[in-house]
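Each reported figure results from applying straightforward, stated rules to the coordinates on display, with no laboratory input. These figures come from a predicted structure and were not determined experimentally. Virtual Cβ from ideal backbone geometry, glycine too; neighbours counted across all protein chains shown.
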Amino acid sequence: MTDTNKIILQKANEAVSKGHYEEFLQYCTDDTKWIFVGDQILNGKEAVRKWMFNEYIEPPQNDVENLIAENDYLTAIGKIAVMTENGESITYSYCDVWKFRDGKMAELMAFVIEHEDLKDHK
């Protein structure tokens, strides 16, 4: 199951990177719940749909550095670059903990911070 969940997330991320948000949503349960720790909670596929169309002015560039799977959980660690309304790209570091149910992404707990280049912190 853990390898299957990895494949599902990789396909879903690929859809997002192409701007195919409806295809991405097919990998989510109807009652999917997204928790952005310290920010907001999205309940249901429609809330996620609205969020994606508002936040992703252009398809984001996602770089998954690690995938760690156990049972129904899959943790993705990486960076994502998102275009702002003024055309500026902002990169975030993230740790996403996905819970799968019946082969679909049912819940997300996302820890997201703006990425800072470590060389600036000497």
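In plain terms, the residue of TYR27, TYR73 with the fewest other Cβ atoms within 10 Å comes first and the most crowded comes last, giving TYR73, TYR27.
When +1 charges are put on Lys and Arg Cβ atoms and -1 charges on Asp and Glu Cβ atoms, the dipole computed for the chain relative to its Cα centre reaches about 240 debye.
What FRET efficiency, computed as 1/(1 + (r/R0)^6) with R0 = 35 Å and r the Cβ-Cβ distance, is obtained for GLU22 and GLU70, rounded to the nearest 0.05? Efficiency computed from Cβ-Cβ geometry: 0.75. Once the Cα atoms are used to define both axes, helix 2-17 deviates from the longest principal axis of the chain by about 50 degrees. The relative contact order of the chain, computed from alpha carbon pairs under 8 Å that lie at least 6 residues apart in sequence, is 25 percent.
Oblate is the label for region 41-80. Its Cα gyration tensor axes, ordered a ≥ b ≥ c, give a/c of at least 1.5 and b/c at or above a/b.
Please work out which option in (1) 119; (2) 109; (3) 140 gives volume of the Cα convex hull per residue in Å³ calculated from these coordinates, and answer with its label. Recomputing volume of the Cα convex hull per residue in Å³ here picks out (2).
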